[in-house]
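Working notes, structure below.
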Amino acid sequence: MPIFDFLRGQFIDVIHWTEDSRDTMVWRFEREGHEIKYGAKLTVREGQAAVFIHEGQLADVFTPGLYMLETNNMPILTSLNHWDHGFRSPFKSEIYFVNTTRFNDLKWGTKNPIMARDPEFGPVRLRAFGTYSVRVTDPARFMSEIVGTDGEFTADEISFQIRNVIVQEASRVLASSGIPVLDMAANTAELGKLVASQISATVTSYGLTIPELYIENISLPPAVEAALDKRTSMGIAGDLGRFTQYSAAEAMTAAAANPSGGGGMGAGLGMGMGMAMANQIAQPGPWGARPESAAAAPPPPPPVEHVWHIAENGQTKGPFSKASMGRMAADGALMRDTLVWTPGQDGWMRAEDVTELAQLFTILPPPPPPAV
């Protein structure tokens with residue numbers, strides 16, 4: 001074997017990357033002086049891509065497979081560099097391995113509330129959070145747009161930018177969806193797909209895709225959630241009377257079971273509440289409730305008192321109350337043939353023809369008592 005071939009075999013490079021972490025997206029193959037020897041073997045595994053950077057220029061991208069770095073399979077590098085086919089001509093290049101698998105369970109969420117108009121509650125503030133996955137689909141674009149010369153680029157370094165894009169589109173989608181807040185939980189899958197489709201153009205410009213995006217929760221401010229909880233509790237309680245009696249029974253049981261309530265105080269309290277419960281249960285109706293027929297009926301409304309107008313000599317006088325009409329009848333100012341009218345009456349009528357006024361002319365005083 002010629003000595004030249006022996007030395008050449010001793011210095012053949014084996015270039016590969018075995019990933020030992022879950023968050024590394026790009027890793028640079030380190031070689032002293034960045035000298036890659038002619039004829040080196042490059043191994044690119046499944047879920048990886050290798051990007052060659054030669055003298056600051058992106059030279060080539062290798063997909064999974066085994067490669068011999070020679071001029072016949074590196075036409076771009078051949079045009080960039082003059083080759084001497086021997087051991088004495090290494091070329092200086094940088095090799096970056098790009099992880100093309102999915103990076104899952106990345107978090108996103110709104111830092112500030114989203115203002116939205118709910119059809120039921122009016123203006124509301126919403127918060128949303130969830131997870132997403134990201135994948136490198138264009139290693140060359142990803143290297144030129146995002147990574148640059150970073151020798152070890154992790155998912156955390158790009159997740160902040162992607163979160164900002166997701167939050168921006170999620171805010172717009174949620175605010176313009178028109179879906180009631182109480183129905184958003186049933187539409188999170190559709191909303192997540194809509195957000196993912198809206199941000200696809202932006203992340204594609206980075207050389208990335210978002211295979212999955214999930215909205216895990218859409219929440220209201222704590223004060224609004226507390227009000228909804230109270231409303232839900234009232235709906236579950238139903239009959240407030242029965243709920244009160246149930247609460248009293250629970251308190252009675254707790255008081256009787258508490259021996260630290262001052263000797264017999266707990267037992268006495270439980271006995272008193274038990275007697276009150278027994279009295280309520282003894283009343284007719286379920287749980288001591290009185291039937292509606294036994295409830296005290298409200299007093300009838302007072303009768304409506306009419307007011308009267310009198311027509312004399314082509315003029316109208318009044319209005320007069322019935323008491324005033326009685327005094328006028330007693331004084332002779334109101335006669336039987338006097339024309340009278342009251343609201344609701346069909347035209348003017350003689351006073352003696354009105355039942356309510358006719359009695360004013362028929363009432364006679366009782367006979368005087370006998371002389372003693």
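For segment 131-141, the count of residues that are touching a residue at least 40 places away in the same chain (Cβ under 8 Å), surrounded by 19 or more Cβ atoms within 10 Å (Cβ to Cβ) and in contact with an Asp or Glu (Cβ under 8 Å, 6 or more places away or on another chain) is nonzero.
For segment 301-310, the criterion of being modelled with pLDDT under 85 and among the charged types (D, E, K, R) is met by at least one residue.
Total residues in segment 128-152 satisfying the condition of being modelled with pLDDT under 90 and assigned to a strand (DSSP E or B): the figure is 1. Taking Val195, is it modelled with pLDDT of 90 or more, out of contact with any Asp or Glu (no Cβ under 8 Å at 6 or more places or on another chain), within 30 Å of Glu157 (Cα to Cα) and not in a strand (DSSP E or B)? Judged against the criteria, Val195 is not a match. The listed residues are Thr100, Thr110, and the only one of them that is touching a residue at least 12 places away in the same chain (Cβ under 8 Å), under 19 Å from Trp17 (Cβ atoms), touching a helix residue (DSSP H, G or I) at 6+ places or on another chain (Cβ under 8 Å) and of a type outside the set (A, V, I, L, M, F, W, C) turns out to be Thr100.
The values are calculated or read from the model by the stated rules, or taken from the named source; none is laboratory data. All of these numbers come straight from a predicted model, not from anything done at the bench. Cβ coordinates were reconstructed from backbone atoms using ideal geometry, including for glycine residues, and neighbour counts include every protein chain displayed.
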